[in-house]
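These notes are about the structure you will find just below.
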Amino acid sequence: MSGYRLMAVHAHPDDESSKGAATMARYAREGNRVRVVTLTGGERGDILNPAMDLPGNRERMSELRIEEMAEAARILGVEHEWLGFVDSGLPEGDPKPPLPEDSFALVPLDVAVEPLVRAIREFKPHVMTTYDENGGYPHPDHIRCHEVSMAAFEAAADPERYPDAGEPWEVAKIYYNHGFIRKRMLLFQEEYDRRGEEFPLAEWLKKWKTEHGDTMARVTTQIECGAYFPVRDDALRAHATQIDPNGSFFAVSVDVQQKVWPTEEFELARTRVQATLPENDLFAGIAAPDLAAADVRSGHDGIDDSKDYPQ
């Protein structure tokens, strides 16, 4: 299963390391090209790691996020591309204040779609991943990421759309990332109970709203990637301004995750090939690439082999 191309579209730097990261690391390591496309620079992100709240860091947030993203991509072993839109920030208040005028979420859809169409036609992915209609969570940039990704999936294949953005390319499949799964957390809690240990996210789980059901009902595809959870976690920690190494992302031990739920979850949103559900491979149903002609320049050599990562 090598020689395929996977494009993961994300709103901000750090999103790629918290959504489908172990899957990307696995596919890159297996000899496929994996490219993360980040729509915004994350310029309006706050400093969420107290250790990084140092003099001068807020003033150079854009530069720091570029550096962090480069390190995360190196750890995951993926290629990376910025599309250059400006982070909208996350407005707070009641009522919420308007978004800044230069925000990605306010860019007209046709304008926002064109550079992603160009990126698709250049990279020629077999599969794309993005967020669902709720953005995974309702950040304005995440919702816009969904809208732009789905529109670009269609437009990239249409020779009459954006004719100056390259030769048309049909992406075979596009998936939504799904990470917030209540069943997964309940099983983690059961494992901690079995071990006679306190579940570190017990209070958070109690507050989980259940009126919208469990996202697991939407999942069509589970990718076995538990061996790459340490890679995912190292990539997350690379986003040092955004990720507190003592925070909830790392509360459940890797060994519990690998034992109880060693997969990442996706929902097949649209497909141009025959799909048999459920799946355990994002490339299922897609003809094997011609490896003699394929440009297999996966970045997997960037994975730090001095660490105990899968070989």
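Tabulated values for the structure
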| item | result |
| --- | --- |
| Count of the range 246-275 residues which are aromatic (Phe, Trp, Tyr), within 17 Å of residue 197 (Cβ to Cβ) and touching a Phe, Trp or Tyr at 6+ places or on another chain (Cβ under 6 Å) | 0 |
| Answer from 234, 295 - the residue that is of a type in the set (D, E, K, R) and at pLDDT 95 or above | 234 |
| Subset tally (residues that are part of a loop (DSSP other than H, G, I, E, B), under 24 Å from the mean Cα position of the chain (by Cα) and not acidic (Asp, Glu)) for the range 163-209 | 9 |
| So residue 84, is it under 30 Å from residue 231 (Cβ atoms), modelled with pLDDT of 95 or more and not polar (S, T, N, Q) | yes |
| Matching entry among 70, 28 (being surrounded by fewer than 19 Cβ atoms within 10 Å (Cβ to Cβ) and aliphatic (A, V, I, L, M)) | 70 |
| Tabulated pairs, the range 118-138, first closer than 16 Å to residue 83 by Cβ, second part of a loop (DSSP other than H, G, I, E, B) and among the aliphatic types (A, V, I, L, M), C-beta under 7 angstrom, 6+ apart or interchain | 120/156; 120/171; 121/156; 125/171; 128/171 |
| So residue 66, is it over 20 Å from residue 145 (Cβ atoms), β-branched (Val, Ile, Thr) and modelled with pLDDT of 95 or more | no |
| Search result, residues across the range 242-252 that are more than 30 Å from residue 150 (Cα to Cα) and surrounded by 15 or more Cβ atoms within 10 Å (Cβ to Cβ) | 244, 250, 252 |
| Residues (buried (at least 21 other Cβ atoms within 10 Å of the Cβ) and among the hydrophobic types (A, V, I, L, M, F, W, C)) located in the range 156-188 | 156, 171, 174, 188 |
| Residue match in the range 114-131 (condition: modelled with pLDDT of 95 or more, over 30 Å from residue 290 (Cβ atoms) and in a helix (DSSP H, G or I)) | no |
| Options 65, 26, 44, 60: the member that is in contact with a Pro (Cβ under 7 Å, 6 or more places away or on another chain) and either in a helix (DSSP H, G or I) or touching a residue at least 40 places away in the same chain (Cβ under 8 Å) (or both) | 65 |
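The values are calculated or read from the model by the stated rules, or taken from the named source; none is laboratory data. Predicted, not measured: the structure shown is a model, and the values here were computed from it. Every residue, glycine as well, gets a Cβ built from its backbone with ideal geometry; the counts of neighbours run over all protein chains shown.
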